[in-house]
Amino acid sequence: MCRSHVKALGVCRPVTSTLWRFRSSRGAISATATATDAQVWRSSDRVSPGRPDSIAGAVRSKVRALDPALPIDDVVVLSDAVQSQIANPRLVALTLNGFATTASALAALGLGTLIAWQVKLRTREIGVRLALGATPQQVIGIVMDESIPVVAVGVGAGLAAAAIALLSSFVTARSAARIDPLVALRD
């Protein structure tokens, strides 16, 4: 038998409580169903091993036995409900992450192509330098001296964009931390 404790808590007006127990061959459930107007708040103390939605039919039957007028629209496992709420934002985040990765790869490819084009334009100059006794290390130094500023501008623009995104994330997180729980639960 699974010994995990799961609690779903809510804030509501004075309530009426009914304690019910359900036992099956898979395990036991002991829960408190609390009703106020049309809302039902529940807390489950013990759940059966395996998939929690396997006992949904038994829970519906037990609730109907307690109060046949109580509507039971949908019985959903909490983890499934959470997943359904975060699935769309997660998809958007993964899509944007893919676009950002592609944009970064294209930017790096563009900078590499720009540097290769600059070297190609200077092929004669580099050939003359090598003919006059320049070492390959000196040629590498010349190309790197001209490449570093281009790359630095690209990195600077990327860091500025990252800093703006980080600041935006902080402002959004701070706003989320100030949400009034009563307003959020009411909606």
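We did not get these values from a lab; they are worked out from the coordinates using the rules stated. As the structure is a computational prediction, the values presented were derived from the model and not from experiment. Because the Cβ atoms are built from the backbone with ideal geometry, glycine has one as well, and the counts that use them run over all protein chains shown.
By the scheme Lys and Arg +1, Asp and Glu -1, what is the net charge of all other residues having a beta-carbon under 15 Å from that of D145?
Numbers: positive: R122, R129; negative: E125, E146.
Its environment carries a net charge of 0.
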Square roots of five times the Cα gyration tensor eigenvalues for the stretch 79-186, Å: 51, 15, 8
- prompt: Based on the Cβ-Cβ distance of A105 and I140, what FRET efficiency does E = 1/(1 + (r/R0)^6) give at R0 = 30 Å, to the nearest 0.05?
  reply: 0.75
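Ranking R64, R174 by Cβ neighbours within 10 Å, fewest first, what do you get? Mind dumping the intermediate values first?
Numbers: R64 12, R174 9.
The fewest-first ordering by Cβ neighbours comes to R174, R64.
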query: Fewest to most neighbouring Cβ within 10 Å: what's the order for R124, R90?
result: R124, R90
